[in-house]
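Asks: If you scroll down you'll find the structure; I have some questions about it.
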Amino acid sequence: MPKMLFKNLGLIKTRAVEGAELSDTASAYPVLLFSHGFNGVKNQNTFQIKQLASHGYIVIGIDP
């Protein structure tokens, strides 16, 4: 796919915080391993990851 289709993805504002500390309000949290799939791009599912995280899930994504 042409890079020009994705050049503005870096301008999208999210409430994600890199390196945020884990809250100590719960003794355990559910963890999900996320994969954007074959031919996908890591930024295409930002809204889904944000929604899951807002419900207390720790979402781990692999960025090769």
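The values are calculated or read from the model by the stated rules, or taken from the named source; none is laboratory data. Note that this is a predicted model, so its numbers are computed, not measured. Neighbour counts are summed over all protein chains in view; Cβ atoms, including those assigned to glycine, are modelled from backbone coordinates with ideal geometry. Calculation scope for accessible area: heavy atoms of the full protein, side chains included, ligands and nucleic acids excluded. Shrake-Rupley method; radii C 1.70, N 1.55, O 1.52, S 1.80 Å.
Asks: Looking at region 54-61, can you tell me whether even one residue there is in contact (Cβ under 8 Å) with a residue 12 or more places away in the chain, of a type in the set (Ser, Thr, Tyr) and open to solvent by 60 Å² or more (accessible area, probe 1.4 Å)?
Replies: Going through region 54-61, the residues in contact (Cβ under 8 Å) with a residue 12 or more places away in the chain turn out to be 56-61.
Cutting the leftovers down to of a type in the set (Ser, Thr, Tyr) gives us 57.
Cutting the leftovers down to open to solvent by 60 Å² or more (accessible area, probe 1.4 Å) gives us 57.
Checking region 54-61: at least one residue is in contact (Cβ under 8 Å) with a residue 12 or more places away in the chain, of a type in the set (Ser, Thr, Tyr) and open to solvent by 60 Å² or more (accessible area, probe 1.4 Å).
Asks: Does at least one position in region 3-14 carry a residue that is at pLDDT 80 or above, outside any strand (DSSP E or B) and hydroxyl-bearing (Ser, Thr, Tyr)?
Replies: No: zero hits.
Asks: In this structure, is Ser23 without any contact (Cβ under 8 Å) to a residue 60 or more places away in the chain and either touching a Phe, Trp or Tyr at 6+ places or on another chain (Cβ under 7 Å) or loosely packed, with under 10 Cβ neighbours inside 10 Å (or both)?
Replies: For Ser23, the condition - without any contact (Cβ under 8 Å) to a residue 60 or more places away in the chain and either touching a Phe, Trp or Tyr at 6+ places or on another chain (Cβ under 7 Å) or loosely packed, with under 10 Cβ neighbours inside 10 Å (or both) - is met.
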